[in-house]
Amino acid sequence: MLAAVRALLHHDGTVAAMRRLRRQAPRLTPGQAKAYVVALRSGAEPPEELVHLTQEEERCPPLSIETLAGPIG
């Protein structure tokens, strides 16, 4: 995602990059998206807490169901 936002920033500008970033990472507020894009524009890496918000939340896989049965007999 970082490379795509960086390319869009250079090609279409800050607002377009912020829109794309918010579509791909809806957990970011507009202010956080701006901070992320401004960091990229200045040549820096975005803050780690913002990068974390762009990643999908880890979801626990469903637990397997085990069936217990008594002795056969």
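Values in this text are rule-based calculations from the coordinates and carry no lab data. Remember, it's a predicted structure, so these values are computed and weren't measured experimentally. FYI the Cβ positions are ideal-geometry reconstructions off the backbone, even for glycines, and counts take in every protein chain you see.
In region 57-72, the residues that are closer than 30 Å to P26 by Cβ reach residues that are assigned to a loop (DSSP other than H, G, I, E, B) and of a type in the set (D, E, K, R) with C-beta atoms within less than 9 angstrom, at least six apart or across chains, in these pairs: E57/R27. Take region 18-54 and flag every residue that is among the hydrophobic types (A, V, I, L, M, F, W, C) and either on the phi > 0 side of the Ramachandran plot or over 14 Å from the mean Cα position of the chain (by Cα) (or both). Of everything in region 18-54, those that are among the hydrophobic types (A, V, I, L, M, F, W, C) and either on the phi > 0 side of the Ramachandran plot or over 14 Å from the mean Cα position of the chain (by Cα) (or both) turn out to be A35, V38, A39, L40, A44.
Please indicate, with yes or no, whether at least one residue in region 17-24 is touching a residue at least 40 places away in the same chain (Cβ under 8 Å) and either in a helix (DSSP H, G or I) or among the hydrophobic types (A, V, I, L, M, F, W, C) (or both). No, that holds for no residue.
In region 32-73, which residue that is under 18 Å from A4 (Cβ atoms) and of a type in the set (V, I, T) is surrounded by the most Cβ atoms within 10 Å (Cβ to Cβ)? Out of the qualifying residues, it is V37. Taken across region 33-47, residues that are in contact (Cβ under 8 Å) with a residue 40 or more places away in the chain and either part of a loop (DSSP other than H, G, I, E, B) or β-branched (V, I, T) (or both) do occur, with at least one present.
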